[in-house]
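Just so it is clear, none of the values below were taken in a lab; they were calculated from the coordinates. These figures come from a predicted structure and were not determined experimentally. As a convention, Cβ positions derive from the backbone with ideal geometry for all residues, glycine included, and neighbour counts pool all protein chains shown.
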2 protein chains.
Amino acid sequence: MSAVLQVCAAAKAAAPHLARASTRRKDAALEAIAAALDRGHDEILAANARDLDAAREDGLSPALQDRLTLTPERLHGIAGAVRDLVRLADPVGEVVRGSTLPNGLELRQVRVPLGVIAMVYEGRPNVTVDAAGLALKSGNACVLRGSSTAIHSNTALAGLVRGALESVDLPADLVCLVSDTDRGSVKELTRARGLVDLLIPRGGAGLIQAVVQDAQVPVVETGVGNCHVYVDVAADPAKARAIVVNAKAQRPSVCNAAETLLVHAGIAESFLPAVARDLRDAGVELVGDAQAQRLAGAEPAAPADWDTEFGDFKLAVRVVDGLDDAIAHIAAHGTMHTEAIVTEDRGAARRFCAEVDAAAVVVNASTRFTDGGEFGFGAEIGISTQKLHARGPMGLRELTTTKYVVEGDGQVRG
Amino acid sequence: MSAVLQVCAAAKAAAPHLARASTRRKDAALEAIAAALDRGHDEILAANARDLDAAREDGLSPALQDRLTLTPERLHGIAGAVRDLVRLADPVGEVVRGSTLPNGLELRQVRVPLGVIAMVYEGRPNVTVDAAGLALKSGNACVLRGSSTAIHSNTALAGLVRGALESVDLPADLVCLVSDTDRGSVKELTRARGLVDLLIPRGGAGLIQAVVQDAQVPVVETGVGNCHVYVDVAADPAKARAIVVNAKAQRPSVCNAAETLLVHAGIAESFLPAVARDLRDAGVELVGDAQAQRLAGAEPAAPADWDTEFGDFKLAVRVVDGLDDAIAHIAAHGTMHTEAIVTEDRGAARRFCAEVDAAAVVVNASTRFTDGGEFGFGAEIGISTQKLHARGPMGLRELTTTKYVVEGDGQVRG
């Protein structure tokens, strides 16, 4: 058995110890982890400095270096996020539905942990702790495979988490870090049938595509968001301008930021020049079709731009003939993440919500609200853009499955 | 684009017409299908006769010939099952949860169809109609790939279903039959990314394994059931005998029938001889370990027997040291379908339910109850033995996904 599969087997062996742990026990583990993080600043920051030295030597971009950087403030935030999990309801044990059947059998569908959750992610070391915390609170063991750029930081963080688990008499192997960060270790995780109950790739489209193509274990895809805002002819222009700027520029690097603006031809002449000024003031570069070039001063868009998650202060702009055209554009180019319409026309809003196929459809608000925290679900492990099992923000509940419990008194089937 | 992918694309193009159809419209389609089946007996039976002729020529076993056979009575049953779907609640449009967020956004999680469901199945032609009916009621288009032995029957049935859809002004391509029945067509379905939203293999372990290994589209595994009955030392022997015989012999060909009997050593001396008599009276052949050979007159079990879904009047019997031993045996050999304990000991029952990892855990009742109809969910498309998306009987609800609808009045994120 390879080293990666041995790690998965260790996590699988540890998982039952947590699956039956009480909420109180799991919360004690989370508190111990947060305390260990608070005490471990020196150790973590030293490890992070090694990663940052290597990143500078390798010429990593300043943006990626920033994502990799840990500071006392950021560590404080990471520990705080773990403590926040203590306050969330435990999904395990929830009776989803139940009834007494005509033959007297008592049937309950009960929420239980999945078992072992594997996660492949890039960049930010905080994911190591966030993912471990979410897995633990939902009763699951986890196998974490971060990127090579963060290996020292991740190793230090995982070590502290594992020590904290042991300090409350839980097996350290509930949280396992895969130390091998080459491509082969991802492939091994995708083939760990019987050892991994859910594999979550969290990263760029390339990583996700590679995982899905190889996967023989169940996968939930997260994070790719080519989100659109459609400004209808019946839009309130002031609301539309505020929503477009917020959806694009409030935090352009995240998956629920907008990448393309679609504007109804009937409002484009007045709306586009105005929103273009707002966007430029926010530092956003525009590319677009001929109309957008004329009305918004956009540079010509390349065909690939309509399918690109810029993740940056860049927006593609297109003028559409109407609602049908907007819906067709979204169906052709969207990633089924979050799609927004700005309109005061009730019929247009209803059609958009019914006909656009996405995890979230939004009327008269920013795409940026698709988020476990904003939706009131607490922390999330990612935004699922697939339809099976979980769609949209994946919180604690989405990290569980169910089991039917059937209790009888000797019933047999006739 | 290959013929199989063209079929998938046709289904995908048709799907939105159904996704937005009212329950009344879908129910009218189901009524039209049932009526078409009633009118089409001659056509269907003639097609079925061709399949049966070929089956006899190919030397298909009598059991498989029986599964392939349609009769007026069986066709009446198939049409009746379609009419039963009319009476079931439509899952589409159900608001799963919802709230008004602190910023005034109105959030609802609404149940919507998956889109296109592909199904690969063996043997019985009734699955063609059952699967189409379940897909339609849940708002999905479907792509059906049956076995070559049933191709004429399936073609006749699918033709009648498609005609019925057109008669109520719905696209025929909501129900597509893949006419190519070689292995390659299954592989193409597993690769139809973007065209197939859910692929359900329904058949033997070989088919399911082949699908899972190749799949790049989301899959739910169904149907493999290596189910156990554990008779505890605290079992009521009369209940235990009735449950064991029912679980094994009431209908041995189905996935929720028991394949292995585990008996606590403390009760084996008295229980095994008695249950062996009952089982022999029911026509059941026994294989087992040394104790079972001595106490139940079982033939020696081969190692593979503990992992075999006999699907027949054959049962493997083993004496275990106690509850831990039984749970360990089930963890090593079970397929996470249905596992039963017979005991009057509350502690043993609770531990069994908590520690056995299966779609259904049963106390003091037959394994045969794990079934959509018995659970009160109505018709089912199969029993999922995986943990993601659906676990246990897959009814209409499990053939849907959800979408978040967010309605605001200009909200942006701060």
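Worth a mention:
- Ranked by the mean number of other Cβ atoms within 10 Å of their residues, highest first, the peptides A:11-19, B:104-112 fall in the order A:11-19, B:104-112.
- Across the identical copies, the 7 Å label point of A:P300, projected outward along Cα→Cβ, sits 8.2 nm from its counterparts, in ascending order.
- Debye equation applied to the C-alpha atoms of the range A:143-227, log10 I(q)/I(0) at 0.11, 0.25 Å⁻¹: -0.35, -1.22
- Scattering profile of the range A:23-114 at q = 0.11, 0.22, 0.25 Å⁻¹ [log10 I(q)/I(0), Debye over alpha-carbon scatterers]: -0.55, -1.04, -1.16
- Fewest-first ordering of A:H41, A:H228 by other beta carbons within 10 Å of each residue's beta carbon gives A:H41, A:H228.
- Magnitude of the charge dipole, the range A:328-414, Cβ model with Lys/Arg +1 and Asp/Glu -1, debye to 20: 200 debye
- Against chain B, whose longest principal axis is taken from its Cα atoms, helix B:23-39 shows a tilt of about 70°.
- Here the range A:1-71 and the range A:175-198 have alpha carbon centers that stand 16 Å from each other.
- Of the trypsin sites (Lys or Arg not before Pro) in the range B:173-237, the ones in a loop by DSSP (not H, G, I, E or B) with at most 14 other beta carbons within 10 Å are B:R193.
- Mean per-residue shielding of peptide A:357-364 is 6, counting Cβ atoms of other chains within 10 Å of each Cβ.
- In degrees, nearest ten, helix A:3-19 long axis to first principal axis of chain A (Cα): 80 degrees
- Residue order, fewest to most surrounding Cβ atoms within 10 angstrom, among B:I381, B:I151: B:I151, B:I381
- Along its principal axes, the protein assembly as shown has C-alpha extents of 87, 69, 43 angstrom, given from the largest down.
- Rg over Rh, two decimals, the range B:82-157 (C-alpha only, Kirkwood Rh): 1.20
- The chain A residue nearest the rotation axis shared with chain B, using its Cβ and rounding the distance to whole Å, is A:H389, 2.
- Note on the range B:320-403: Kirkwood hydrodynamic radius from all Cα pairs is 13.9 Å, rounded to one decimal.
- Taking N as its residue count, the alpha carbon Rg of chain B over 2.2 N^0.38 Å: 1.09
- Average Cα contact separation per residue, chain B, under 8 Å, 6 or more apart, as relative contact order %: 18 percent
- For the cross-link pairs A:K403/B:K314; A:K403/B:K248; A:K12/A:K137, the ones whose C-alpha atoms lie over 18 Å apart are A:K403/B:K314; A:K403/B:K248.
- Seen against the Cα atoms of chain A and their longest principal axis, helix A:346-355 is set at about 50 degrees.
- Computed over the range B:129-278, the Cα gyration tensor eigenvalues convert (square root of 5λ each) into semi-axes of 43, 18, 14 Å, ordered from largest to smallest.
- Dipole magnitude for the protein assembly as shown: computed about the Cα centre from +1 point charges on Lys and Arg Cβ and -1 point charges on Asp and Glu Cβ, it is near 840 debye.
- Inter-copy label distances at A:D324, using a point 7 Å along Cα-to-Cβ, come to 7.1 nm with the shortest given first.
- Relative contact order [Cα under 8 Å, 6+ residues apart], the range A:227-369, whole percent: 33 percent
- In a reduced charge model with +1 at each Lys and Arg Cβ and -1 at each Asp and Glu Cβ, the range B:227-369 shows a dipole moment near 440 debye about its Cα centre.
- Cβ-vector label at 7 Å, A:D182, separations to other copies in nm: 3.9
- Among residues other than B:P218 with Cβ under 12 Å from its Cβ, the summed charge is 0 (Lys and Arg +1, Asp and Glu -1).
- Evaluating 6.51 cos²θ - 1.76 cosθ + 1.60 at θ = phi - 60° for every residue in the range B:402-414, the Karplus couplings come out as 10, 9, 8, 10, 10, 10, x, 9, x, 4, 10, 8, x Hz, glycine and proline recorded as x.
- Taking every DSSP bridge with both residues inside the range B:73-144, close to 55 percent are antiparallel.
- Rh by Kirkwood over Cα pairs, then Stokes-Einstein D for the range B:227-369 at 1.306 mPa s and 10 °C, µm²/s: 111 µm²/s
- Top positive-direction residue, dipole computed over the protein assembly as shown with Cβ charges, set A:S270, A:L174, A:V96: A:V96
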